[in-house]
Amino acid sequence: MTGKNYNVIDLFCGCGGFSLGFERAGFNVLLGIDVWKDALDTFKYNHKSSETLQADLSSLSPEKILPLLKNEKVDVIIGGPPCQGFSVAGKRIVDDIRNKLYKNFVRFVEFFKPKAFVMENVPNILSIGGGIVKESIIKDFAELGYSVEYKVLTASDYGVPQNRRRAFFVGFLNGHRFEFPTPFETDKVTSLEALSDLPEDSVTDGDSYPNEALSDFQKLMRENSDKLYNHRTTTHNQKTIDIISLVPDGGNYKDLPIELQDTRKVHIAWTRLNSSKPSFTIDTGHRHHFHYSYNRIPTARESARIQSFPDDFIFTCSHTSQLKQIGNAVPPLMADAVAKSLLEQL
């Protein structure tokens with residue numbers, strides 16, 4: 001069977017990075033569900049043949065989505081339950097976490113009994129509470145008949161210009177134990193290779209590229225695109241620009257004069273991308289990270305490149321919303337690698 005014979009629903013789908021990876025691998029995405037309208041607007045714009053549903057999954061019963069599936073069988077369920085509780089920053093209350101966040105994913109798996117599921121989250125989910133959450137997740141799916149494998153993957157191992165680490169749980173209904181994709185043997189894609197064709201100044205949506213593609217990664221990102229979108233720069237005040245200008249390529253607040261080091265209260269502040277390495281994990285738009293040479297934060301398109309969204313994937317809604325959508329997403333090329341392994345093993 002080819003991927004197109006396998007139908008996917010994406011829970012907590014966000015703007016659609018996970019779904020895009022599965023589509024690239026050849027799966028058919030039937031439906032994306034999320035509570036945030038902005039992210040769904042972007043999902044719908046880019047996944048034209050998929051249905052969308054704005055709903056809170058903690059109160060949505062699986063039966064309610066049947067009309068949207070048009071009698072199609074659900075073969076695979078994917079998704080990343082909200083991870084505030086699991087992340088290092090969140091309160092680590094295991095009972096809350098166990099009961100609220102991923103239990104809704106479990107309910108949908110129980111109802112549809114797909115051949116397989118893929119659930120992603122922050123790496124911390126494996127160690128929190130001494131492993132109690134991880135064990136609870138495995139037990140819940142085992143009780144439904146799934147053999148579950150888990151692993152932390154690093155996005156830069158799969159062609160993404162970013163050292164983002166994510167935990168993946170993959171379960172098969174037929175007893176098969178999932179084998180995770182092996183890291184690519186090619187050199188990791190650097191921030192420079194990701195971004196060097198994008199100009200310092202804003203480009204009006206739909207204008208032609210001002211520069212030629214300068215790397216294989218840039219050519220890959222432009223494959224189905226001859227126009228540039230979402231490259232709107234942020235105007236910082238002069239004081240901010242002056243401070244950024246003191247930080248070298250790959251540097252951070254420690255490179256500033258001592259009197260300027262505490263001008264922002266978080267240690268990630270004043271960090272520049274390193275042009276010769278993949279990016280650090282990009283966040284959801286906290287405005288602390290800067291381009292490796294331009295004295296500004298990355299544009300939405302630059303952030304999308306760092307996440308491996310191709311240039312024909314257009315982000316909708318406000319600039320701030322776009323940055324949040326991108327920062328929350330699963331990198332499509334990472335999802336693609338997992339999806340291809342899943343397809344081979346299905």
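In straight Cα distance, which aspartates and glutamates are under 14 Å from residue 139, not counting same-chain residues fewer than 8 positions off?
110, 149
Mind listing the Cα extents of the range 21-71 along all three principal axes, in Å, largest one first?
31, 28, 15
I'd like to know how the range 98-175 sits against the 2.2 N^0.38 Å rule of thumb: what's its Cα Rg over that expected value?
Here the answer is 1.14, to two decimals.
Using only DSSP helix segments of four residues or longer, with each worth -39500 (n - 2.57), what per-residue ellipticity at 222 nm results for the chain after dividing by its residue count and rounding to 500?
-8000 deg cm²/dmol
Report the full-extension gain for the segment residue 103 to residue 63: residue separation times 0.36 nm, less the Cα-Cα distance, to one decimal in nm.
Length gained, residue 103 through residue 63: 12.8 nm.
Please list the radius of gyration and Dmax for the range 129-243, considering alpha-carbon atoms only, with Å as the unit.
21.1, 61
So if I average 1/r over every pair of distinct C-alpha atoms in the range 216-334 and take the inverse, what Kirkwood radius in Å does that give? Write out the running numbers ahead of the final one.
Numbers: mean 1/r = 0.0665 Å⁻¹.
After inverting the mean inverse Cα-Cα distance, the result is 15.0 Å.
Rank by packing, highest mean first: peptides 175-186, 11-22, with packing defined as the count of other Cβ atoms within 10 Å averaged across residues.
Values: 175-186: 12.8, 11-22: 28.2.
Order by mean packing, descending: 11-22, 175-186.
If I stretch the segment between residue 239 and residue 111 completely, what's the gain in nm (0.36 nm per residue apart, minus their alpha carbon distance), one decimal?
Values: separation 128, 0.36 × 128 = 46.08 nm, distance 5.58 nm.
Value of the extension gain: 40.5 nm.
If you average the C-alpha positions of the range 280-311 and of the range 100-175 separately, how far apart do those two centres end up, in angstrom?
Between the Cα centres of the range 280-311 and the range 100-175 lies a distance of 27 Å.
Counting Lys and Arg as +1 and Asp and Glu as -1, each charge on the Cβ, what is the dipole of the chain about the Cα centre in debye, to the nearest 20?
880
Considering the Cα positions of the chain, please state its Rg to one decimal place and its Dmax as a whole number of Å.
20.3, 65
Using the heavy atoms of the protein chains alone and a 1.4 angstrom probe, what is the accessible area of the range 98-191 per residue in square angstrom?
So the range 98-191 comes to 42 Å² accessible per residue, rounded to a whole number.
Between residue 261 and residue 143, what length in nm is gained on full extension when 0.36 nm per residue of separation is reduced by their alpha carbon distance?
37.3 nm
Among all the lysines, which ones have a C-alpha under 18 Å from residue 37's C-alpha, if same-chain residues fewer than 8 places away are not counted?
In chain and number order, the partners are 48, 324.
Could you tell me which of 180, 322, 123 has its Cα farthest along the dipole of the chain towards the positive end, charges placed at Cβ (Lys, Arg +1; Asp, Glu -1), taken about the Cα centre?
Going by the Cα projections, it comes out as 123.
So how many Lys-Lys pairs in the range 178-303 land under 29 Å Cα to Cα, not counting same-chain pairs under 8 apart?
For the range 178-303, the number of qualifying lysine pairs is 13.
The values are calculated or read from the model by the stated rules, or taken from the named source; none is laboratory data. The model shown is predicted, which means the values in this text are computed figures rather than measured ones. Heads up, the Cβs are rebuilt from the backbone with ideal geometry, glycines too, and the neighbour counts pull from every protein chain shown. Remember, those area values only see protein heavy atoms, side chains included, never the ligands or the DNA or RNA. Shrake-Rupley method; radii C 1.70, N 1.55, O 1.52, S 1.80 Å.
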